[in-house]
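Q: Take this structure, written in structure tokens, and hold onto it; I'll ask about it next.
The values are calculated or read from the model by the stated rules, or taken from the named source; none is laboratory data. The shown structure was predicted, so the numbers you read here are calculated from the model rather than taken from an experiment. All Cβ positions, glycine included, derive from the backbone under ideal geometry; neighbour counts span all protein chains shown. Note: areas computed on protein heavy atoms with side chains; ligands, DNA, RNA excluded. Shrake-Rupley method; radii C 1.70, N 1.55, O 1.52, S 1.80 Å.
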Amino acid sequence: MGHERMGRFSGVALLAAVCGVPAFAQDPVYDPAKSIARNWNEALLAAIRSDFARPTVHARNLFHTSLAMYDLWAVFDDTAHSFLLGHGVGGYACPFYAEDQARFRSVEDRAGARAAAISYAMYRILSQRFAESPGQPQPRFDALMAALGYDTAFTSTDVAAGDPAALGNYMARCVIDFGLQDGANESGGYLNQSYQPANAPLNPAESGTPGMADPNRWQPLQLAIFIDQAGNQTSTPPFLGAEWGRVVPFALGADDLTLYERDGVEYRVYHDPGAPPLLVGPASTPEYYQWAHALVARWSGHLDPADGLSCDISPASIGNTDALPATLPEMVAFYESLGDGCSVTDRGHAVNPYTGQPYAPQIVPRGDYTRVLAEFWADGPASETPPGHWFAVLNDAVSDHPAFERRYRGSGPVLDPLEWDVKAYFALGGAVHDAAISAWGIKGWYDYVRPISAIRYMASLGQSSEPQAPDYNVYGLPLIDGEVERVSADDPLAGASGEHVGKLKLKAWRGPDYVSNPQTDTAGVGWILADDWWPYQRPTFVTPPFAGYVSGHSTFSRAAAEVLTRLTGDAYFPGGLGEFKATAREYLVFEDGPSVDVTLQWATYRDAADQTSLSRIWGGIHPPVDDIPGRRIGIEVGVDAFNAADRYFSGEAEPLAPAPQRSGGGALTLLTVLWAAAALALRGMRTASRRADTAAC
């Protein structure tokens with residue numbers, strides 16, 4: 001049925017949910033009612049939806065474009081401090097002279113100058129970053145410039161002439177050149193330069209995990225057809241971003257960094273959470289590895305809307321989660337408190353603080369809630385990927401909400417739309433960029449297994465619950481009545497010749513073999529061979545092409561939630577409620593459903609982030625041991641990023657040596673080089689005070 005059926009959380013889709021605007025009916029290239037920054041951010045999000053699904057790359061794109069727009073706004077402000085323009089960052093200097101800054105700050109039409117500078121910068125950056133995108137978004141960039149009345153043939157970068165368009169081109173050159181040396185290996189297609197997988201690829205269409213040499217490590221997937229989260233068909237995908245810890249961050253610092261080495265290759269890990277539970281090896285804790293991955297299989301048994309179980313998914317019951325567990329035993333208790341099957345240690349909210357009234361209950365089948373949750377937060381086809389997802393939340397559920405006032409940190413004067421947007425994008429962009437660097441640095445170093453490999457591998461060994469039984473293996477799957485059992489001789493799964501008798505079976509989502517037509521078929525939940533377990537995903541995707549630990553969704557989402565909480569000065573969504581409606585029999589992509597209308601609801605940004613984390617377990621992508629460390633890291637990353645952005649806004653960020661005067665036509669002089677070196681040295685010395693309010697979280 002096209003995009004309307006897809007698990008899409010675009011700006012337009014969320015706007016439809018929150019404000020009643022028909023999805024896909026209104027997606028103009030240029031909206032004069034929005035700020036110039038918002039228009040260009042929407043162009044970027046549209047480009048991401050049609051590009052390869054690369055969360056790391058797009059987190060970086062979101063930050064680099066956000067810093068460009070913010071810096072070009074700050075040029076004309078008498079207080080704010082720019083980030084890259086006029087400074088040295090990560091070994092790269094972008095000179096900007098004192099007399100140039102004074103000239104631009106003296107212009108009479110600041111609004112027009114900002115619009116031109118931002119537009120030229122964004123046009124150049126997006127044209128360069130998406131030049132080889134399969135979605136070919138360049139016509140949209142051209143159309144936006146035409147709608148704004150700007151000449152794309154103007155390429156001057158001579159800021160001395162005082163032309164805002166030249167300033168935008170110059171800013172773009174700085175951002176592009178900065179990106180070509182920031183450790184992302186952009187010129188090499190963002191490919192890993194050293195990493196090699198420890199295991200041979202798994203073909204999930206075959207039983208078990210042939211090629212699994214190390215059950216602690218990530219296993220690539222080998223599919224006849226692989227279609228990524230943006231709907232692009234590729235070959236068997238390599239590990240995305242195994243060396244992303246090398247990328248120059250925003251607010252991460254030396255005190256956050258741990259250096260490791262494997263096979264002569266250095267891995268940079270920010271906010272190191274320590275190793276996850278391992279199945280084998282000298283430091284292994286097999287009981288926690290087994291519990292965590294078995295829980296993923298067990299939760300896939302919650303995906304049947306016909307099982308007769310229903311629950312309240314309103315903020316009255318969902319959200320306001322208890323404190324996150326700090327130890328593995330606490331984590332077990334946290335997740336085993338599932339209760340009615342819809343919440344995990346959630347206390348819910350007694351009343352909506354804006355209305356003073358209780359949240360209205362919403363009783364739906366558990367299997368509809370869990371499936372909608374898994375697809376909504378999966379950031380599936382035509383999505384902005386997880387980091388862009390939170391920009392859509394900011395744009396549509398926050399900035400566009402009729403009850404929202406653009407007051408920075410919830411107080412003071414109402415900001416004009418441009419100031420609000422550039423500051424919000426800069427803070428949120430810095431947070432998702434640092435979240436990607438931290439999460440993927442951890443993924444690359446710990447190289448942890450995904451559930452599809454772990455569950456199948458343990459099942460192939462036997463069971464770990466009955467030591468006296470002939471099928472016992474200390475590293476096998478634990479037996480759980482009604483959830484993990486043996487295949488008996490009279491079992492329908494026994495096979496024509498009884499070849500499966502004695503193997504382990506799971507009561508789980510039955511997988512894509514039971515879905516011939518996803519618009520009409522539902523796989524349902526039933527007993528399947530554990531060797532054939534499949535996550536709640538499509539057969540052309542199965543699981544993301546990178547290691548599991550830690551969860552990128554958990555890290556991105558909690559970091560974003562912390563930023564939005566501080567940015568708005570309120571833990572709650574505007575009006576005390578964010579919503580998304582999934583229409584019955586139309587919304588789901590992996591199979592038919594939901595069977596009834598399901599409206600996802602969140603009282604607070606943190607509630608939405610926590611729901612994101614749980615969705616990845618029901619989707620079969622992450623065990624709890626990937627989730628909780630990601631949430632904890634997200635808190636630190638989000639708080640640090642917002643605090644860093646706040647210091648730029650106030651003009652207190654890392655004061656540098658005075659900008660040099662121009663000498664000889666703008667070439668880099670010795671004075672400029674010395675100034676840049678001093679700036680880089682000063683920047684490297686200031687990391688100690690960035691956790692002013694982390695303890696409060």
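Q: Residues that are within 27 Å of residue 455 (Cα to Cα) and within 18 Å of the chain's Cα centre (by Cα): does the stretch 594-609 have at least one?
A: yes
Q: Looking at the stretch 617-629 only, could you name the residues that are of a type outside the set (Phe, Trp, Tyr), more than 16 Å from residue 218 (Cβ to Cβ) and open to solvent by less than 10 Å² (accessible area, probe 1.4 Å)?
A: Passing the criteria: 617, 619, 624, 627, 628.
Q: Mind checking whether some residue in the stretch 168-176 is open to solvent by 50 Å² or more (accessible area, probe 1.4 Å), in contact with a Lys or Arg (Cβ under 8 Å, 6 or more places away or on another chain) and part of a loop (DSSP other than H, G, I, E, B)? I'd like the intermediate steps shown before the answer.
A: Within the stretch 168-176, the first condition is being open to solvent by 50 Å² or more (accessible area, probe 1.4 Å), and the residues that meet it are 173.
Narrowing further to those that are in contact with a Lys or Arg (Cβ under 8 Å, 6 or more places away or on another chain): 173.
Retained after the next criterion (residues that are part of a loop (DSSP other than H, G, I, E, B)): none.
No: zero hits.
Q: Would you mind finding the one in 198, 184, 224 that is outside any helix (DSSP H, G or I), under 24 Å from the mean Cα position of the chain (by Cα) and of a type outside the set (Ser, Thr, Tyr)?
A: 184
Q: Hey, any hits in the stretch 455-462 for a residue that's free of Cβ contacts under 8 Å to residues at least 24 places away in the same chain and within 22 Å of residue 211 (Cα to Cα)?
A: yes
Rundown of residues vs (1) under 25 Å from the mean Cα position of the chain (by Cα); (2) at pLDDT below 95, yes/no style:
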| position | (1), (2) |
| --- | --- |
| 235 | yes, yes |
| 262 | no, no |
| 265 | no, no |
| 268 | yes, no |
| 275 | yes, no |
| 280 | no, no |
| 287 | no, no |
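Q: Residue check: is residue 131 more than 30 Å from residue 49 (Cβ to Cβ) and open to solvent by 20 Å² or more (accessible area, probe 1.4 Å)?
A: The answer is no for residue 131.
Q: Okay, next question. Given the residues 172, 165, which is the only one that is more than 18 Å from residue 88 (Cα to Cα), touching a residue at least 24 places away in the same chain (Cβ under 8 Å), in contact with a Phe, Trp or Tyr (Cβ under 9 Å, 6 or more places away or on another chain) and among the small types (Gly, Ala, Ser)?
A: 165
Q: How many residues, within the stretch 36-52, are part of a loop (DSSP other than H, G, I, E, B) and open to solvent by 10 Å² or more (accessible area, probe 1.4 Å)?
A: Step one: filter the stretch 36-52 for residues part of a loop (DSSP other than H, G, I, E, B), giving 50-52.
Subset that is open to solvent by 10 Å² or more (accessible area, probe 1.4 Å): 50, 52.
So the answer is 2.
Q: Additional query: If you go through the stretch 329-355 one residue at a time, how many are under 15 Å from residue 611 (Cβ atoms) and modelled with pLDDT under 90?
A: Of the residues in that region, 6 qualify.
Q: Here is a follow-up. Restrict the check to the stretch 210-229 and report whether at least one residue is among the polar types (S, T, N, Q) and surrounded by fewer than 16 Cβ atoms within 10 Å (Cβ to Cβ).
A: No, the stretch 210-229 contains no residue that is among the polar types (S, T, N, Q) and surrounded by fewer than 16 Cβ atoms within 10 Å (Cβ to Cβ).
Q: Take the residues in the stretch 501-522 that are open to solvent by less than 70 Å² (accessible area, probe 1.4 Å) and of a type in the set (S, T, N, Q), then tell me which one is nearest to residue 593 (Cα to Cα).
A: Per the stated criteria, the residue is 522.
Residue-wise test of (1) under 30 Å from residue 549 (Cα atoms); (2) in contact with a Gly (Cβ under 6 Å, 6 or more places away or on another chain); (3) among the β-branched types (Val, Ile, Thr).
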position	(1), (2), (3)
422	no, no, yes
426	yes, no, no
430	yes, no, no
464	yes, yes, no
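Q: Among (1) small (Gly, Ala, Ser); (2) farther than 25 Å from residue 162 by Cα; (3) modelled with pLDDT of 95 or more, where does residue 50 come up short?
A: (3)
Q: If you scan the stretch 91-147, which residues turn out to be more than 20 Å from residue 46 (Cβ to Cβ) and either free of Cβ contacts under 8 Å to residues at least 60 places away in the same chain or under 25 Å from the mean Cα position of the chain (by Cα) (or both)?
A: 102, 103, 105, 106, 107, 108, 109, 110, 112, 113, 116, 117
Here is a yes/no grid of residues against (1) more than 24 Å from residue 432 (Cα to Cα); (2) among the acidic types (Asp, Glu); (3) open to solvent by 10 Å² or more (accessible area, probe 1.4 Å); (4) in a strand (DSSP E or B):
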{"site": "258", "(1), (2), (3), (4)": "no, no, yes, yes"}
{"site": "261", "(1), (2), (3), (4)": "yes, yes, yes, yes"}
{"site": "272", "(1), (2), (3), (4)": "no, yes, yes, no"}
{"site": "275", "(1), (2), (3), (4)": "no, no, yes, no"}
{"site": "280", "(1), (2), (3), (4)": "yes, no, yes, no"}
{"site": "292", "(1), (2), (3), (4)": "yes, no, no, no"}
{"site": "308", "(1), (2), (3), (4)": "yes, no, yes, no"}
{"site": "317", "(1), (2), (3), (4)": "yes, no, yes, no"}
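Q: To continue, here is another question. So which residues in the stretch 468-500 are open to solvent by 70 Å² or more (accessible area, probe 1.4 Å) and farther than 24 Å from residue 278 by Cβ?
A: 468, 470, 481, 486, 489, 490, 492, 496, 497, 499
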